[in-house]
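Undergrad: The structure that follows is given in the form of structure tokens.
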Amino acid sequence: MKQWLFKNWAYRLLSLFFAILLFMYVGSTQSSTTNNRSGGSTNSNTQNFKAYADLSKLGVGEHTVRIQQDGLNNDLRYRFEPATIKVDIQPRETVTYPLTVQYSKRNIASGYQAGQANADVKNVKITGASDQINRIKSVVAQLNVPQNAKSSISSQAIIEALDSKQNTVNVVITPATADVTLPITPGNSKELPIKLEPKGVTDDNESFTLTSATKRVRVFGTKVELSKLSSVKVEVDTSDVKKTSTKRVVLDAKLNNVKGFDPEKITVKITRNN
């Protein structure tokens, strides 16, 4: 009988022990879930809040405005750095400006001339703060002309508003681009023979034979300049030639008092005679 009672109490104690373990496990699980949910809510808040400055009640002029937030949990502690910003509010204006085309004339090939550039936009609307609009001195379509351009160009150009120092003014331009055509044609020209002459001869006994496969070139210039020219003088440096050498020689426009040549360079074979 005693043995039966002992076994019965042993079972009861064992059941109580397992019940305590189960209670402790359920309590820890609920605590972990609550913490996770609380943490998830805090992460959601930090991702979805926004900082802003309310300018709705401010007038024209300079103001110091406090940074505010929307969306943060009320239990969170926070601060902004800086806490305020300075704002300059100017009246908004819309004006109309004539458009001109701007490009680098230096990129036009020698002996060629650019005609009148034409854009499909004649006037543009400009919107911005009054102080920025007052800075504008010109509104231009910036046409990109490749170096040594010899043919007409049709391209889309970005429109910019510039101040007196050619700096870009911060305004909104409508339209923002224009289609521009720039005609490029040869100037007055005529074809003339070349006359090769050695340059750099220091001894009267030195002599050279100069030959080139190019016999004639096209010369560009004014009518008066071309009328004075019957041949193109080409000076070839022979100072470093010991026996035979071949060189690419640039035709000198200043030497011949003209605007340029086509081609601008020729190949010359140099042979020392003694």
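Undergrad: Quick check, is LYS2 farther than 30 Å from ALA129 by Cα, modelled with pLDDT under 55 and open to solvent by 50 Å² or more (accessible area, probe 1.4 Å)? Don't jump to the end; show me each part of the working.
TA: On the way: farther than 30 Å from ALA129 by Cα: yes; modelled with pLDDT under 55: yes; open to solvent by 50 Å² or more (accessible area, probe 1.4 Å): yes.
When the stated conditions are applied, LYS2 passes them.
Undergrad: Any residue in the range 69-87 that's in a strand (DSSP E or B): show its pairings with residues that are of a type in the set (Ser, Thr, Tyr) at Cβ separation under 6 Å, as long as the two are six or more apart or on different chains.
TA: THR84/THR64; LYS86/THR64
Undergrad: Among residues belonging to the range 55-87 that are open to solvent by 100 Å² or more (accessible area, probe 1.4 Å) and either of a type in the set (S, T, N, Q) or in contact with a strand residue (DSSP E or B) (Cβ under 9 Å, 6 or more places away or on another chain) (or both), point out the one that is farthest from GLY128 (Cα to Cα).
TA: Result: ASN74.
Undergrad: When you check ALA178 against the structure, is it more than 30 Å from GLU93 (Cα to Cα) and within 38 Å of the chain's Cα centre (by Cα), yes or no?
TA: The answer is no for ALA178.
Undergrad: What pairs come out if I take residues in the range 102-129 that are over 27 Å from GLU191 (Cα atoms) and pair them with residues that are open to solvent by 40 Å² or more (accessible area, probe 1.4 Å) and among the aromatic types (Phe, Trp, Tyr) whose C-beta lies under 8 Å away, six or more apart or interchain?
TA: ALA117/TYR103; ASN123/TYR97; VAL124/TYR97; ILE126/TYR97
Undergrad: Looking for whichever is part of a loop (DSSP other than H, G, I, E, B) and open to solvent by 60 Å² or more (accessible area, probe 1.4 Å) here; the options are LYS233, LYS242. Which one fits?
TA: Result of the check over LYS233, LYS242: LYS242.
Undergrad: Identify, by number, the condition in (1) under 30 Å from LYS265 (Cβ atoms); (2) hydrophobic (A, V, I, L, M, F, W, C); (3) part of a loop (DSSP other than H, G, I, E, B) that LEU196 doesn't meet.
TA: (3)
Undergrad: Can I ask one more? Which of the residues that make up the range 96-114 are more than 27 Å from the chain's Cα centre (by Cα) and surrounded by fewer than 16 Cβ atoms within 10 Å (Cβ to Cβ)?
TA: GLN113, the sole residue that qualifies.
Undergrad: Looking at the range 214-268 only, could you name the residues that are touching a Gly at 6+ places or on another chain (Cβ under 6 Å) and over 20 Å from PRO186 (Cβ atoms)?
TA: Those that are touching a Gly at 6+ places or on another chain (Cβ under 6 Å) and over 20 Å from PRO186 (Cβ atoms): ASP237, THR238, SER239.
Undergrad: Could you tell me which residue of the range 161-179 is most open to solvent (accessible area, probe 1.4 Å), considering only residues that are closer than 16 Å to SER138 by Cβ and among the β-branched types (Val, Ile, Thr)?
TA: THR168
Undergrad: I need the full set of residues from the range 219-251 which are touching an Asp or Glu at 6+ places or on another chain (Cβ under 7 Å) and charged (D, E, K, R), in order please.
TA: Result: LYS233, GLU235.
Undergrad: What single numbered condition from (1) open to solvent by less than 90 Å² (accessible area, probe 1.4 Å); (2) farther than 30 Å from ASP262 by Cα; (3) aliphatic (A, V, I, L, M); (4) not in a loop (DSSP other than H, G, I, E, B) fails to hold for ILE136?
TA: Unmet for ILE136, out of (1) open to solvent by less than 90 Å² (accessible area, probe 1.4 Å); (2) farther than 30 Å from ASP262 by Cα; (3) aliphatic (A, V, I, L, M); (4) not in a loop (DSSP other than H, G, I, E, B): (4).
Undergrad: From the list GLN90, GLN142, exactly one residue is open to solvent by 60 Å² or more (accessible area, probe 1.4 Å), modelled with pLDDT under 90, in contact with an Asp or Glu (Cβ under 8 Å, 6 or more places away or on another chain) and of a type in the set (S, T, N, Q). Which is it?
TA: After applying the criteria, what remains is GLN90.
Undergrad: Test of understanding: among LEU210, LEU255, LEU182, which residue is closer than 30 Å to ASN107 by Cα and open to solvent by less than 50 Å² (accessible area, probe 1.4 Å)? Give the derivation first.
TA: Values: LEU210 fails: closer than 30 Å to ASN107 by Cα; LEU255 fails: open to solvent by less than 50 Å² (accessible area, probe 1.4 Å).
Checking each option against the conditions leaves just LEU182.
The values are calculated or read from the model by the stated rules, or taken from the named source; none is laboratory data. None of the values given here were measured: they were computed from a predicted structure. As a convention, Cβ positions derive from the backbone with ideal geometry for all residues, glycine included, and neighbour counts pool all protein chains shown. The protein model used for the area step is the full one, side chains on, heavy atoms only, and it has no ligands, DNA or RNA in it. Shrake-Rupley method; radii C 1.70, N 1.55, O 1.52, S 1.80 Å.
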